[in-house]
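Participant: My structure is below; once you've seen it, I'll send some questions.
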Amino acid sequence: MHCRPSVSGHRLAGFGSFLPVLMLVALFGLTIPGCPSGASNKNEIVIGHFGSMSGSEATFGQSTDNGIKLAIEELNAAGGINGKKVRLITYDDKGDAREAGNAVTRLVTSDKVTAVLGEVASGLSLAGAPICQENGVPMISPSSTNPKVTKIGDMIFRVCFIDPFQGSVCAKFARRGEELHASKAAILTDQASPYSVGLQEEFEKAFVDLGGIITTKQTYQGGDQDYSAQLTAIRGSEPDVIFIPGYYTDVGNIALQARKLGIQTPMLGGDGWDSSKLGEVAGKALDGCFYSNHYSHEDPNPRVQDYIKKYSAKYKSTPDGLAALGYDAARILFEAMKRSKSLSGADLAAELAKTKDFDGVTGKISIDKNRNAVKPAVMLEMKNGKPSFVSTIQPDK
Amino acid sequence: MADFAQTLMTALAIGSLYALIALGYTMVYGILKFINFAHSDIVVLGAWVSYTLANKILPMLGLNPHNPETAPPLWVGALILLSAMVACGLLGFAIERLAYKPLRRAPRLNVLITAIGVSLLLQNIGQLNYVFGASPQKMPALMPNIDLLRLSLPSGDGYRDVVIGLVDVMIFATSAVLMLVLEYLVFRTKLGTAMRAVSFSTDNASLMGIPVDRVVSFTFVLGSSLAAAAGFLYVMKYPGLNQPAHSIWVLLGLKAFVAAVIGGIGNVRGAVLGGFVIAFVEQFGAFYISSNYRDVYVFALLIIILLVRPTGLLGSPVREKV
């Protein structure tokens, strides 16, 4: 009989000390519902954009957002879609997969957007896409190149090329291009990024197929600050080229440390390098290095030059590839909206899938049966901290 | 040979940073018996305060903060280091007074959770646009980018350079000086004796007339200014400054915490030893085994130490009271 009160006493004490933990869990778990800023007006169409407006890849989101806004401005000035104006809601995901999921959830459930544009980083598109797919809202990623993104489902599209193509472009350029003629390549991958890992696999496959040798494969984690162990190992393996399929902030830091260690080997990367910040971080450390991209601002094509003129008049800066893709993604969406018989997700997705030979800034865009775009890539070289055009590489027919 | 020497140099520089941060964890634990999770955020703050000051001071001297070629005289760096240490020391004082002192008699778990709360608060305040913002920045160079030594050593089938930069030597030297000062303070002064007494038994210390609150405050100020110094040195070596809530900072703090535990938490010399041990394990593991598992080596070592020697390398065994 004696033990009963003491048992309940223990329970109380146990609960008391757990209460703060529970409260903390509740604090993390709850997302505070935002005010319904997207209360849809009959005379407008609301679309959403989720992007990294801040964080390590901030220029990705900012450039894309600028491109989308330019496209919307032009569309609304020309009368909108069948008389309806388009309004954009942008949420910042800070380059964080959890935030990206929250942003998309908020766009589709609370703001009830007609379509979603975003993300640049494949890992973040992969976080947002399942939510769009489940809710039947079409999503267009302007620039996620990992093949898995559009495999999420029939609501997910993209207007850029995919990594198997980009990887083979880089491998061909490294092996056959007269600039490098590399037979030995070292690889440094961001192991936490699906983009980086995917591109690395494709590059490795293609480079080995072309008779090249991979001397060493090293990894880092996005945001790392010290690369000396990896770089010392790479230096020891004496490669002709170092392939770094990472994002620009990390790549800039890697280049600085590599040059400090006396590594003069040229580096090669993908469209994750595409940012005005790359030159700011790395300075001249990246001169003589190459990366593949979606477009070059030095392309003499009048369509490209016309776009650059409009963009720089509005934003006082030269658009990078991501700004061009944001612009193309938004315009392809508007074309599909104009053709579509209703703005329901299914109708819109069906029209998006029919996109053929769209004359975009980043080249002619056709959506294939896997909802990916088939289009050429360009190679750029860093000179004095700025990218300059080297060559265009067409996809295999 | 060259690769080995290069890895050794890196490990020494990084080890001294880990040691500086670990000292803060270990001192607070020694005195209050709780883990101050907000400690790594003080490091972040030290780094960002240094960045903000550098961007204010350099233009005043007519230097362009974005041009890495122009390094200011060395006193600028010293001034920024001291200001960051003072700022973070004050913040450490404020945190202890506002967040932890009211909980002095509360269960340990409450204090621990408060520490996590303070950490989240600092991270998110730091992200605000009018504080530091949520984008990474580039720290201006405050020391000339010179190689003190560039040795060509045989390695494999050729010769390769071993580079020792001024920055690495400065990190090592500054940390060593700070650690010696701390050693003197803790073991040779009256205040240090008071700290050790409070660490031994708070109640008995207060019965002996030691002002426990003041000693606790002083410990926080000391730990926080060491953290600020670590933050400053960190951005000197790695100028790519991550945004305040980046997960990489949490990892840095976590590794320093592991260093404190490996050395024997509560033991000042142990924290320094632990800092170097994990830097060596991390750097040599990454170089000789694989860089994929860089963090794994550190935490695996933690598990091994906890299994074999739960009190850490220099920790004294806990005597169970009968």
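Participant: For region A:354-365, take each phi angle, set θ = phi - 60°, evaluate the Karplus expression 6.51 cos²θ - 1.76 cosθ + 1.60, and give the result in whole Hz per residue in order, putting x for glycine and proline.
Facilitator: Taking θ as phi minus 60°, the curve returns 8, 3, 9, 6, 5, 7, x, 5, 8, x, 6, 10 Hz for region A:354-365.
Participant: Same structure again: Hey, with R₀ at 30 Å, roughly what FRET efficiency would residue A:183 and residue A:384 work out to, going by the Cβ-Cβ distance, to 0.05?
Facilitator: Approximately 0.55, to the nearest 0.05.
Participant: Of A:69/A:314; A:260/B:237; A:94/B:237; A:84/A:316; A:217/B:237, which pairs sit farther than 19 Å apart, going by alpha carbon to alpha carbon?
Facilitator: As for pairs spanning more than 19 Å Cα to Cα, those are A:94/B:237; A:84/A:316; A:217/B:237.
Participant: Pairs to check: A:205/A:277; A:148/A:356; A:284/B:138. Give those whose C-alpha atoms are more than 19 Å from each other in this structure.
Facilitator: Table pairs above 19 Å Cα-Cα are A:205/A:277; A:148/A:356.
Participant: Provide, for q = 0.10, 0.12 Å⁻¹, the log10 of I(q)/I(0) from a solvent-free Debye sum over equal Cα point scatterers in chain B.
Facilitator: -0.59, -0.85
Participant: Here is a further query. Report the calculated FRET efficiency for residue B:33 and residue B:124 (r = Cβ-Cβ distance, R0 = 25 Å), to the nearest 0.05.
Facilitator: 0.35
Participant: Need one number: the % of Cα-Cα pairs in region B:128-267 sitting beyond the 25 Å mark.
Facilitator: When all Cα pairs of region B:128-267 are counted, 50 percent exceed 25 Å.
Participant: Something else about it: Residues with amide H under 5 Å of residue A:160's amide H, sequence separation 5 or more or different chain, H placed in the peptide plane at 1.01 Å from N; which?
Facilitator: Here the answer is A:373, since their amide H atoms fall under 5 Å of that of residue A:160.
Participant: Something else about it: Roughly how many Å is it from the Cα centre of region A:42-89 to that of region A:299-362, as a whole number?
Facilitator: Value for the Cα centre distance between the two parts: 11 Å.
Participant: Above 39 Å lies some portion of the pair distances; for chain A, what is it as a whole percent of all C-alpha pairs?
Facilitator: Tail of the P(r) past 39 Å holds 23 percent of the pairs.
Participant: Say each of residue A:77 and residue A:298 gets a label point 7 Å from the Cα, pointing the same way as Cα to Cβ; how far apart are those two points in nm?
Facilitator: Each label point is offset 7 Å from its Cα along the Cβ direction, giving 2.9 nm.
Participant: Out of residues 5 or more away from residue A:81 or on other chains, whose amide H comes under 5 Å of its own, with H placed 1.01 Å from N in the peptide plane?
Facilitator: Under 5 Å from the amide H of residue A:81: A:86.
Participant: How far apart, in nanometres, would the label points at residue A:347 and residue B:307 be if each is projected 7 angstrom from Cα along the Cα-to-Cβ direction?
Facilitator: 6.5 nm
Participant: Let me ask another. In terms of the Cα gyration tensor, with a ≥ b ≥ c the square roots of its eigenvalues, is region A:165-290 rounded because a/c is under 1.5, prolate because a/b exceeds b/c, or oblate?
Facilitator: Since a/c stays below 1.5, the shape of region A:165-290 is classed as rounded.
Participant: Report, to two decimal places, the Cα Rg of region A:81-154 normalised by 2.2 N^0.38 Å (N = number of residues).
Facilitator: 1.06
Participant: In whole Hz, with x marking every Gly and Pro, tabulate ³J(HN,Hα) for region B:208-217 from phi via Karplus 6.51 cos²θ - 1.76 cosθ + 1.60, θ = phi - 60°.
Facilitator: 7, x, 7, x, 4, 4, 5, 5, 4, 4
Participant: While we're here: Assuming a ≥ b ≥ c are the square roots of the Cα gyration tensor eigenvalues, decide whether region A:55-98 counts as rounded (a/c under 1.5), prolate (otherwise, with a/b larger than b/c) or oblate.
Facilitator: The shape class here is prolate.
Participant: Amide H neighbours of residue A:189 under 5 Å, at least 5 residues apart or on other chains, H built in the peptide plane: list them.
Facilitator: Long-range HN contacts for residue A:189: A:218, A:219, A:220.
Participant: For region B:114-125, take each phi angle, set θ = phi - 60°, evaluate the Karplus expression 6.51 cos²θ - 1.76 cosθ + 1.60, and give the result in whole Hz per residue in order, putting x for glycine and proline.
Facilitator: Whole-Hz 3J(HN,Hα) from phi for region B:114-125: 4, 4, 5, x, 4, 4, 4, 4, 5, 4, 7, 5.
Participant: For the protein assembly as shown, just run the numbers: alpha carbon Rg, then divide by 2.2 N^0.38 Å, N being how many residues it has.
Facilitator: After normalising by residue count via 2.2 N^0.38 Å, the value is 1.04.
A short reminder: the numbers here are calculations on the coordinates, not readings from a lab. Note that the structure is a prediction, hence the values are computed from the model and not measured. Here Cβ is always computed from backbone atoms with ideal geometry, including for glycine, and neighbour counts include all displayed protein chains.
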